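Below you'll find the structure, written out as structure tokens, and then a few comments.
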Amino acid sequence: MKRFIEGQTREQVTLLPECLDDFVGADNPVRIVDAFVEELDLLSLGFEGSTPAATGRPGYHPAVLLKVYIYGYLNRIQSSRRLEREAQRNVELMWLTGRLVPDFKTIADFRRDNGSGIRNVCRRFVVLCRDLKLFSQALVAIDGSKFKAVNTRDKNFSIGK
């Protein structure tokens, strides 16, 4: 393939491996997620497993799983299986977790067991945004009106029918 830009072969060995930090830009949102989670006191926010058990296999620190959860929330990835897949291939998530790859069951159990802690983190984030004056004073109104759909009489059902 002459006259095209060619990449390196997949078997090419490098003398010095690239630093993972070089692949994540200075203005990348994962750096904010990392700094925010590292400043939290997870035990006071209600996260289980913040203190490791003396026996048994060591588990993932709740901060790592919280970073994975927040990353998924920011990038619209709700599925724990997709989050596991992203942790294996996404450079940003590799940087955020330190190349840890929790399995989907661990991510799902973390989400299930720490609902109150995650809500407390969201509250803390809103307070931080208010303190930094990142929210405007715009008014948002939600209307609760209900309108009858336009469809045929045969498929139109109401309480009276």
I'm trying to understand the selection: among the residues of the stretch 92-112, which are more than 20 Å from residue 29 (Cβ to Cβ) and not in a helix (DSSP H, G or I)? 101, 102, 103
Looking only at the stretch 76-109, which residues are under 19 Å from residue 59 (Cβ atoms), in contact with a helix residue (DSSP H, G or I) (Cβ under 7 Å, 6 or more places away or on another chain) and open to solvent by 50 Å² or more (accessible area, probe 1.4 Å)? 100, 101, 103, 104
Cβ-Cβ distance below 7 Å, separation of 6 or more or different chains: which pairs start in the stretch 71-99 with a residue that is more than 17 Å from residue 35 (Cβ to Cβ) and without any contact (Cβ under 8 Å) to a residue 24 or more places away in the chain and end on one that is in a helix (DSSP H, G or I) and open to solvent by 40 Å² or more (accessible area, probe 1.4 Å)? 81/104; 84/104
For the structure I just gave you, tell me whether residue 151 is surrounded by 10 or more Cβ atoms within 10 Å (Cβ to Cβ), over 29 Å from residue 41 (Cβ atoms) and either free of Cβ contacts under 8 Å to residues at least 40 places away in the same chain or among the aromatic types (Phe, Trp, Tyr) (or both). no
Residue 143 - would you say it is closer than 18 Å to residue 47 by Cβ and without any contact (Cβ under 8 Å) to a residue 12 or more places away in the chain? no
Quickly run through the stretch 113-137 and pick out the residues that are in a helix (DSSP H, G or I) and without any contact (Cβ under 8 Å) to a residue 60 or more places away in the chain. 115, 118, 119, 122, 123, 126, 127, 129, 130, 131
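Step by step: first the residues of the stretch 11-20, then only those that are at pLDDT 75 or above and surrounded by fewer than 10 Cβ atoms within 10 Å (Cβ to Cβ), then the one that is farthest from residue 90 (Cα to Cα). Which residue is that? If you could, list the steps in order and put the result at the bottom.
First, the residues of the stretch 11-20 that are at pLDDT 75 or above: 11, 18-20.
Checking which are surrounded by fewer than 10 Cβ atoms within 10 Å (Cβ to Cβ) leaves us with 11, 18-19.
On the way: 11: 21, 18: 15, 19: 15 Å.
Top of the filtered list is 11.
Take the residues in the stretch 21-37 that are of a type outside the set (Gly, Ala, Ser), more than 16 Å from the chain's Cα centre (by Cα) and open to solvent by 80 Å² or more (accessible area, probe 1.4 Å); name whichever of them is farthest from residue 69 (Cα to Cα).
Narrowing the stretch 21-37 to residues of a type outside the set (Gly, Ala, Ser): 21-24, 27-34, 36-37.
Pick out the ones that are also more than 16 Å from the chain's Cα centre (by Cα) and you get 21-24, 27.
Pick out the ones that are also open to solvent by 80 Å² or more (accessible area, probe 1.4 Å) and you get 22-23, 27.
Details: 22: 23, 23: 21, 27: 20 Å.
Applying the filter and picking the extreme gives 22.
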Among (1) open to solvent by 90 Å² or more (accessible area, probe 1.4 Å); (2) within 15 Å of residue 118 (Cβ to Cβ); (3) free of Cβ contacts under 8 Å to residues at least 24 places away in the same chain, where does residue 48 come up short? (3)
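The values are calculated or read from the model by the stated rules, or taken from the named source; none is laboratory data. Computed from a predicted model, the values in this text were never measured in an experiment. Heads up, the Cβs are rebuilt from the backbone with ideal geometry, glycines too, and the neighbour counts pull from every protein chain shown. Areas reflect the complete protein model, heavy atoms only, side chains present, ligands, DNA and RNA absent. Shrake-Rupley method; radii C 1.70, N 1.55, O 1.52, S 1.80 Å.
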